[in-house]
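**Student:** Structure incoming, see below.
Every read-out reported here was derived from the displayed coordinates using simple, explicitly stated rules and does not represent laboratory data. What you see is a predicted model, and the numbers here were worked out from it, not measured in a lab. Note: ideal-geometry Cβ built from the backbone for every residue, glycine included; neighbour counts use all protein chains shown.
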Amino acid sequence: MHLLDIQNVSMQFGGLAAIKNLDFTMDEGEIRGLIGPNGAGKTTFFNVISGVYLPTQGRFFFKDKDITVLRPHATARLGIIRTFQAVTLFKHFTVLRNVMVGCHLHSNYNFFGALFDTAATRRHERENEQKAMDILSFMGLARFKDEVAMNLPHGHQRALGISIALAAQPTLLMLDEPVTGMNTEESAAMMRLIQKIRDRGITILLIEHDMKVVMGICEKITVLNFGQKIAEGTPKEIQNDPQVHEAYLGGAHNVA
């Protein structure tokens, strides 16, 4: 059984096919890279998996469950969690409060409990605070717990965005350009974090334009061009694939 099984999926916007007849599978424990030129359909693909778009045709399954027509809140509850290319934070909240917001997806809050500040609500809040602190410690952000999110350096803001995603308890974590805007040192730190996240049993699918990152941490890479899969394989296989050179790199000699 594949963790994610996408069968003959297409996504059209009017007369434009952003994804065409795409077949794609992922197994648990992978770090999979998704690459391709701008406009290749990568973000559309993320949006289809996470339920933002309903595909024009095809079906897809998560742990053998048909999730083709599920919307984002339902896919998130199943464990499909994504980040976005632009950092999405509650910028005026503290770092700790940002991660606690992510914990609420699986919390047993109710309206009246929150309204009357019941003992159960206070207990859930303490539990979420501890979960959030555990995540911040894991991500190396614990010392910033009381800092307002907007005051963090860019690299730490991106790490905080992933921390919020982890608080939602992902099985499949989809990262949209996690090292965008980072310098070499920050990118290397993020690569180590992504590997640590996978080592905790979380499967990772990432879009990334930085080929050093993709080639450095992904065991397998899928290449899209004009909404179609043109190559799939190990980093070495992708580096040596002539279709990738032609379509993605304009005939360059290597991908790395």
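**Student:** Within region 79-87, identify whether any single residue is surrounded by 16 or more Cβ atoms within 10 Å (Cβ to Cβ) and out of contact with any strand residue (DSSP E or B) (no Cβ under 9 Å at 6 or more places or on another chain), and answer yes or no.
**Tutor:** yes
**Student:** Next question. If you check 155, 181, 216, which single one turns out to be closer than 19 Å to residue 135 by Cβ, surrounded by fewer than 19 Cβ atoms within 10 Å (Cβ to Cβ) and either in contact (Cβ under 8 Å) with a residue 24 or more places away in the chain or of a type in the set (Val, Ile, Thr) (or both)?
**Tutor:** The conditions single out 155.
**Student:** Oh, and also: For residues that are more than 18 Å from the chain's Cα centre (by Cα), buried (at least 17 other Cβ atoms within 10 Å of the Cβ) and assigned to a strand (DSSP E or B), tally how many sit in region 55-78.
**Tutor:** 1
**Student:** I'm trying to understand the selection: among the residues of region 188-225, which are of a type in the set (S, T, N, Q) and more than 13 Å from residue 35 (Cβ to Cβ)?
**Tutor:** 195, 203
**Student:** Please specify each residue of region 144-158 satisfying the condition of being part of a helix (DSSP H, G or I) and aliphatic (A, V, I, L, M).
**Tutor:** Residues satisfying the conditions are 149, 150.
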